[in-house]
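Colleague: Next up is a structure, given as structure tokens.
The numbers here are math on the coordinates, done by the rules we state, and not lab data. Only a predicted model underlies this, so the values are computations on that prediction, with no experimental measurement involved. Ideal geometry is used to build each Cβ from the backbone, glycine not excepted, and the neighbour counts take in all protein chains shown.
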Amino acid sequence: MPATPWLHAAVDRLAVWLEDRKRRSPVPFVPSPPEPLACFGPLPDPPPPPGGPGWWAAPSPRPAPGDGQVRALVTRSAGPRRGTAVLVPPWKLPRLSLLSGWTAMLARCGLAQPPDAGHPAGAGA
């Protein structure tokens, strides 16, 4: 049974309120150099697409300190394939099963299958 919009709004407000109550030490302002951000620069060639359902990892094009990989859990679509969706949680979750409703909905819409060579958006596209 889907939750009503007011419940989603209430959960969002509660999450923001709880986050705002955390005590954090002040961080001084550090100006950046007056040049374009590195994130707008060229990226290396993309890694090969996932070969099928399961965990997929590739080197990060913009690695963070201590985390040089991009990781994703790839699922197969349950309906006719229409494309690829990337589901990014809004905050760190204790377990991915909390996203199972969203993953199932995307799969039913045909948006959770990895690209394959037989599809125009597949390997080499």
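Colleague: Calculated FRET efficiency, LEU7 and LEU99, Cβ-Cβ r, R0 30 Å, to nearest 0.05?
Modeller: Using R0 = 30 Å, I get an efficiency of 0.95.
Colleague: By the scheme Lys and Arg +1, Asp and Glu -1, what is the net charge of all other residues having a beta-carbon under 15 Å from that of ARG108?
Modeller: Here the count lands on +3.
Colleague: Taking θ = phi - 60°, what integer Hz values does the Karplus form 6.51 cos²θ - 1.76 cosθ + 1.60 yield along region 39-53, in sequence order, with x for Gly and Pro?
Modeller: Whole-Hz 3J(HN,Hα) from phi for region 39-53: 5, 8, x, x, 9, x, 4, x, x, x, x, x, x, x, x.
Colleague: Could you give each residue of region 7-18 its phi-based ³J(HN,Hα) in whole Hz, using Karplus coefficients 6.51, -1.76, 1.60 with θ = phi - 60°, and x for Gly or Pro?
Modeller: Result, rounded to whole Hz: 5, 4, 4, 5, 5, 4, 4, 4, 4, 5, 4, 5.
Colleague: Now a separate question. For a quick check: with amide H placed at 1.01 Å from N, whose amide H comes under 5 Å from VAL74's, ignoring anything fewer than 5 positions away on the same chain?
Modeller: GLY54, TRP55, TRP56
Colleague: OK, next. I need two numbers for region 9-104: Rg to one decimal and Dmax as a whole number, Cα atoms only, in Å.
Modeller: That works out to 18.4, 52 Å for Rg and Dmax.
Colleague: Further question: Using Cβ contacts closer than 10 Å as the measure, can you line up VAL74, VAL86 from fewest to most?
Modeller: Ordered by Cβ neighbours within 10 Å, fewest first: VAL86, VAL74.
Colleague: Still on this model: List the residues, sorted by chain then number, that are 5 or more residues from SER60 or on another chain and whose placed amide H is less than 5 Å from its amide H.
Modeller: Result for SER60 returns GLN69, VAL70.
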